[in-house]
1. Taking the Cα atoms only, what angle lies between the long axis of helix B:368-394 and the longest principal axis of chain B, rounded to 10 degrees?
2. Could you compute Rg(Cα) / (2.2 N^0.38 Å) for region B:163-283, with N its residue count?
3. What is the spread of the Cα atoms of region B:289-449 along each of their three principal axes, largest first, in whole Å?
4. How are the C-alpha pair distances of chain B spread across 20 Å bins, as whole percents from the shortest bin up?
5. Return the FRET efficiency for the residue pair A:Asn68, A:Phe35: r is the Cβ-Cβ distance, R0 is 41 Å, and the value is rounded to the nearest 0.05.
6. Enter the per residue convex hull volume of region B:369-470, computed from alpha-carbon coordinates, in Å³ rounded to the nearest integer.
7. Can you list the residues of region A:352-377 whose accessible area drops by at least 50 Å² going from the chain on its own to the full set of protein chains, with a 1.4 Å probe?
8. Sorted by accessible area (1.4 Å probe), largest first, how do A:Lys338, B:Lys23, B:Lys72 line up?
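The values are calculated or read from the model by the stated rules, or taken from the named source; none is laboratory data. Keep in mind the model is a prediction, meaning the values are calculated, not measured. Quick reminder, even Gly has a Cβ in these numbers, built from the backbone with ideal geometry, and neighbours come from all protein chains shown. Just so you know, the surface numbers come from the protein's heavy atoms only, side chains and all, with ligands and any DNA or RNA stripped out. Shrake-Rupley method; radii C 1.70, N 1.55, O 1.52, S 1.80 Å.
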Amino acid sequence: MSTEARKPPPQIALKLRRALGGKAGWNGVAVQLAFAAILGWMAYEIISNARANLENQHIAAGFGFLRNNAGFDVNQTLIPYTGSDTFLRVFVVGLLNTLVVSVVGIVFATVIGFIVALCRLSPNWLLSRVGEIYVEIIRNLPLLFQLLFWYLAVLAALPNPRQSISLLGIAFISNRGLVVPSPIGESGFVPFLAVLAFGIVASLALRIYARRALYQYGHMIRIWPYLLALLFGLPLVTMLIFGLPFTFELPQLKGFNFAGGSRIIPEFVALAVALSTYTAAFIAEIVRAGILSVHKGQMEAGSSLGLSRGTTLRLIVVPQAMRVIVPPLTNQYLNLTKNSSLAVGIGYPDLVSVFAGTSLSQTGQAIEIIAMTMAVYLLISLFTSAVMSVYGWRINRSLGA
Amino acid sequence: MTDITASSFVRQDLVAERPAPVKTTGFVGLVRTRLLSSPTNILLTILGALLLWYMVIPAFRFLLVDAVWTGKDRTACLPENAGYVVGACWPYIQAKLPQLIYGFYPEAERWRVNLTFILAAVLLLPLLIPRLPAKGLNAGLFFFALPVVAFFLMHGGGITGFGLSWTAGLLQLFDDSVIGAGQVLVSLGKSSAIGPLLWVVGNFIVLVGTAIQWLIFPLTWLRDQIQASSQSVWIDFAITTIVVSLILFFLGGGMRTGWRALATSIATFIGMAIVIKLMGLDHGGLPIVDTRLWGGLLVTLVVAVTGIVTSMPIGIALALGRRSTIPLIRIFSIAYIEFWRGVPLITVLFFATYMLPLFLPGNFTVDGLVRALIGIALFTGAYQAENIRGGLAAVPRGQGEAASALGLSWWKTTSLIVLPQALRHVIPSLVNSFISLFKDTSLVSIVALFDLLGSLRASFSDPVWSTPSTAFTGFAFAGVLYFLFCFGMSRYSLFVENRLNAHRRN
C-alpha cells in the first residue's frame, strides 16, 4: 500500500463556482445574469432615447464641436485666448483657472487651518474659544452662502478704485478686484532661475546624503549652513553678477482706474477667500485631532531621553501626528478642488463655468461637455486616491519594519 | 520593643501648615490658570480679546443698535434719512419674508405649505425624542406616508388609477421597450458581419416580448375596463387592497401566522383610503401649483428631506453590494460609489438638468425640481453607502455567523441582525452627511431653482430695497437660518452619540 499523502482533490468546479458567483454559488451567477440584463436594458434605453432626442434637436453627437470657434470672451486667462479660439482652448483655459484657484486656496487654507488649530489647542482659554467659534460658524454655513457673501456683500461694499484701500502702497483693493505689482523679467532672469533650480536639487541631494550617513553609519552631519548657502547665497551672488532677475511694476492710480500692475478679478478674490476660510475650518479640526491623537507619554518619553522640547516635537510628535493628519488633509484638498466648481455661482471662469456653462449653452452638446467635465474631476480624485494609497502603503511598511 | 517615635529619624513636632494651594477651579481659577498664567499667555489673552472685540461689537451694533426696525421701502434704511450709518435693514426682511419662505407660491394656497410643515414637525419631533414609544410606526409615517401626502398637498393634482393601473402601465412600458430592442437588433442584423447571430437574438427577444405581452394581457384588459368605469380609482383601490393583502397574508405564513400581516396591510390601506378621500384625490385633488413657483426655505427643505429619505435606501443597497461576494454586483457598486464621490455636486446637478432629459423618451418631461432631486439622491446615495459600509465593517463577524447558525436566511440575517447594529454605529456620520446635504441644497440655486439662497439673491436686485446694507442684512438673516438648522443637527447627533455610547463610559 502506498503511504504517500493523498493530494487534495483539485475542486475545479468549486473554485469556478466561487469565482463566478461568489459565496452564493450558482444562485449568485443567476443574480448576476439578471442584473446584467437589467443594466443592459437600461443602457439600451438610454442610448436609443439619447439618439432619438439628439436627432429631434438636430444636434450632431461627437467631439467635433471642440474644433469650432467659441466666440465668447473669458475675463481671466492664463494662456493667450481670444474669442476666435476653439472650444478645446476654452476647456484648457477653464481647467487652468480651476487649478490656479485650487492651488491658491489650498495654500491659504492650510496656513489658516494650522493657525486656527493652534488657537484651539492653545492653553489660553480665550484664544481657544475664538478658534472654536470660527470653526463652528464656518462649518455650519453653506459654502455657496459664504461665497456669495464675500462676492455680493463684502467685495461689492468696497470703495471704487479711486478710493481703494492701499496695502502698504503696493497693492490696492477696490470693488474692481485686487491690484498687485506685476513682476517683469530682466536680463538676469534665466541665470537666476537656473541657479535656483540647481540650489534646490543640490540641497535635496545633500539632505538624502546626510540622512543616509545618519541612519547607516550614525554620523551626524550638520547641513543647514550649506543649505542656506545653496538656496539663498548662490542666487544672491548671481543677482550681483547678472543684475536683478525681475523688477516689480507698481500699480498707479490714473484717472478712474489703475495703470500698471496686474489686476486680480474680484471673482477670484471672493472664491479664493471663501474656499480657503471654509476649508480651513475643516483642516483645523483635522490637525487638532491629529495632534491630540499622539499620546502624552510620547512627549514625556522624549524629554526623559534628554531631547529638547523642539526636538521632541519635530522628531517624535509631529511624525506621528502627520500619519493621522495627512490622509484626511488630502481629502480636504480634493474637496476644495471640487468645491472650486461653485465658481459658476459668481461667474469666475473656471472649468464648470466656461465649459459646462457657457459652452454648453452655446453648443447644446450636453453629453460630451458634461462627460468631459466630470472626467476631469474624476481623474483628479482618482489620481489623488492612488497617491494616497501609495502613501498609506509606505507608512504601513515603515511602521512594520 | 522600643517606642518608634523615640528614634531620632522620626519627626517630633508638627510640620507648619502650608498655605492653601492656588485655586484652579471656578472663574477666578480659570482666569489665573488659563488666561494670565504667563507673559505669553497674557499676550495671547489680549490678542483673543481684541479679536473678539473687533468681531462681536460691530456685529452687535450692526444687528441691533444701528438697525432700522420699521419702514415701507428703502428710504427708511438710507443713511441720509436715518441720520447715522445704518446697520441691518429689518423692514426689508419683513417685506421679503414670504418670498424667502415660499418663493412665488400663490398666496391663497400657502396654507398647504404651512400644513405640510406642521405635519412634518408633528411627525419629526417624537421621532427625535428617544424616550417616546412607537418608533417603527412613527418612522414609517414620516419616511413613507409623509412624502406622498406632502407631494399631493403642495403640488396638488389627483390620481386616475391605483396599484393595478400603475403596474399594468409599467409592465406595458417595459414590454414595449423589450420588443423595440429586439426589432433594433433584427434590423441591425441585416447590415452586420455577425448578422445571423443578431437576427436570432433579436427575434428571440421579440418572441420573449410577445410572450410577456400575452402574459400581461389580462392585467391590461382589466385596467382598460376599470378606467372605463365611473369610479375607477375606488375599484382599482379595492382590487389592489385585496391582492396585496392576500399576498402579504400568504407570505406572512397563511392561516398559521399570516393574520398579523393581513391586519397591518388592511389598516395601511384604510389609512390610504382616508387620505385619498380627505384630499379628494379621486376627483382631481387640490389645484396644481407648478414647482417653478416653489421657492425659498420650502425648496431648501423639500430638497434636503427628499435627499435624506431617498439616499438611505440607495446607500444601504450600495453598501451591501460593495461587501457582496458576487463579482458583478461588487464591481458595479464600487464603480458607482467611486464615480459619484469623485465628481463635484454641481456637475451632478448639471448632469441631472441637461443630460437626464436626453436619456428619457421624448414624450416624457421631468420637472426641474425632480431632476435636481434625482441628481442629489444619486450623489448623496454614494456618500451614504461609504458611511454605512463603515458601520457594516464594525459589526463583528460572529453576529452574522450566529444568525446563519440559527438558520436565518441572508435577507433575515442582514435586515434583522447586521443592519440594525451597523446603522447604530454610524448615526453620527450619517447626521454629518445630512448636515452637508442640507448645506449642499444651496447649490440648486445654480440650476435655476429658487431655494433660500436663490430667493435671497433674487431679492437683492429689487430696486425698492436697494440700500448699502441690504446685502448684509439678507446674509445675516439667511445665515442665522442655515446656522440654526446645521448647528441643531450637529448638537442632536452629539446627543444621540452620547446616548448610544452611554454603556462605554466609565
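1. 60 degrees
2. Numbers: Rg = 20.5 Å, N = 121, 2.2 N^0.38 = 13.6 Å.
Here the answer is 1.51, to two decimals.
3. The Cα atoms of region B:289-449 stretch 56, 32, 29 Å along the principal axes, largest first.
4. That works out to 14, 41, 29, 11, 4, 1, 0, in percent per bin.
5. Numbers: r = 41 Å, r/R0 = 0.99.
E(calc), rounded to 0.05, equals 0.50.
6. Details: hull volume 11.9 nm³, N = 102.
Dividing the Cα hull volume of region B:369-470 by its residues yields 116 Å³.
7. Residues losing area: A:Ile367, A:Ile370, A:Met374.
8. Values: A:Lys338 20, B:Lys23 110, B:Lys72 180 Å².
Ranked list, largest accessible area first: B:Lys72, B:Lys23, A:Lys338.
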